[in-house]
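Data block below; observations after.
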Amino acid sequence: EAGVAQSPRYKIIEKRQSVAFWCNPISGHATLYWYQQILGQGPKLLIQFQNNGVVDDSQLPKDRFSAERLKGVDSTLKIQPAKLEDSAVYLCASSLERGRNTIYFGEGSWLTVV
Amino acid sequence: DQQVKQNSPSLSVQEGRISILNCDYTNSMFDYFLWYKKYPAEGPTFLISISSIKDKNEDGRFTVFLNKSAKHLSLHIVPSQPGDSAVYFCAARGLNTGNQFYFGTGTSLTVIP
């Protein structure tokens, strides 16, 4: 079974530029999550989708971050404009359905804002 | 508000000995707990979980213990192997968290050959 796929793996951008990350969850997984992990901290949920609908985006900085999952499968997370403090690993994860007890992570997209 | 805490940022253990990683939580409504292992430059991988109706769950060399009254869980690895060297995160989910998982800050385990 293929895991959660993410791209790009690494990205370096200047502040005020924009960046987009892509995620393809495990086949059949209805719930998709985007987490932000800053160095030395645990992953923090940014947004959670159930199929193509947003379940929880309470911790998403909506002035600069946006995410979509138009067809209920893959998803894109965008940051525009980027700030220095956005430097982090952006982890996509998926689970079979909302409320399922285990979520599976991709390898992450490493962002450095300079 | 850090609802899940891992107070030891690092731990070193001799190969073959027991590794004990600890995690504390504050939300009494948490009902499911997981441990993830993370190697450098990789995403976290699921290791083991425990429901709040149990106080112990075992999977091979890995055992998780839950003490609900103390709001504490621990991961035991016996015997420890060099390949276990990684960062370990505990995570918790509760009835009042909208299915959101809260993660600790991680403990870096080094198993010395």
> To the nearest Å, what is the center-to-center distance of the range A:19-98 and the range B:64-100, using C-alpha atoms only?
Replying inline: 24 Å
> Using the reciprocal of the averaged 1/r over all distinct C-alpha pairs, how large is the Kirkwood radius of the range A:5-108 in Å?
Replying inline: 13.7 Å
>> Net charge around residue A:22, counting only other residues with Cβ within less than 12 Å of its Cβ (Lys, Arg = +1; Asp, Glu = -1)?
In response: +2
> Between their Cα atoms, which of A:15/A:78; B:5/B:54; A:44/B:5; A:15/B:38; B:5/B:68; A:11/A:71 are more than 23 Å away from each other?
Replying inline: A:15/B:38; A:11/A:71
>> In the range A:64-89, whose amide N lies under 14 Å from the spot 7 Å out along Cα-to-Cβ of residue A:2? List them in ranges.
In response: A:73-75
> Looking at A:31, A:60, B:36, which one has the Cα that reaches farthest to the positive end of the dipole of the protein assembly as shown (charges on Cβ: Lys, Arg +1; Asp, Glu -1)?
Replying inline: A:60
> What dipole magnitude, in Debye to the nearest 20, does the protein assembly as shown give about its Cα centre under +1 on Lys/Arg Cβ and -1 on Asp/Glu Cβ?
Replying inline: 240 debye
>> What FRET efficiency comes out for residue B:18 versus residue B:72 if R0 is 22 angstrom and r is the Cβ-Cβ distance? Round to the nearest 0.05.
In response: 0.80
>> With a cut-off of 8 Å between alpha carbons and a minimum separation of six or more residues, what is the relative contact order of chain B in percent?
In response: 37 percent
> With +1 on each Lys and Arg Cβ and -1 on each Asp and Glu Cβ, how big is the dipole of chain B about its Cα centre, in debye rounded to the nearest 20?
Replying inline: 120 debye
> Non-local amide H neighbours of residue A:56 (under 5 Å, H modeled in plane, Pro and chain starts lacking H): which ones?
Replying inline: A:48
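Only the coordinates and a few stated rules stand behind these numbers; no lab work does. Keep in mind that this is a model prediction, so the values were computed, not measured. Note: ideal-geometry Cβ built from the backbone for every residue, glycine included; neighbour counts use all protein chains shown.
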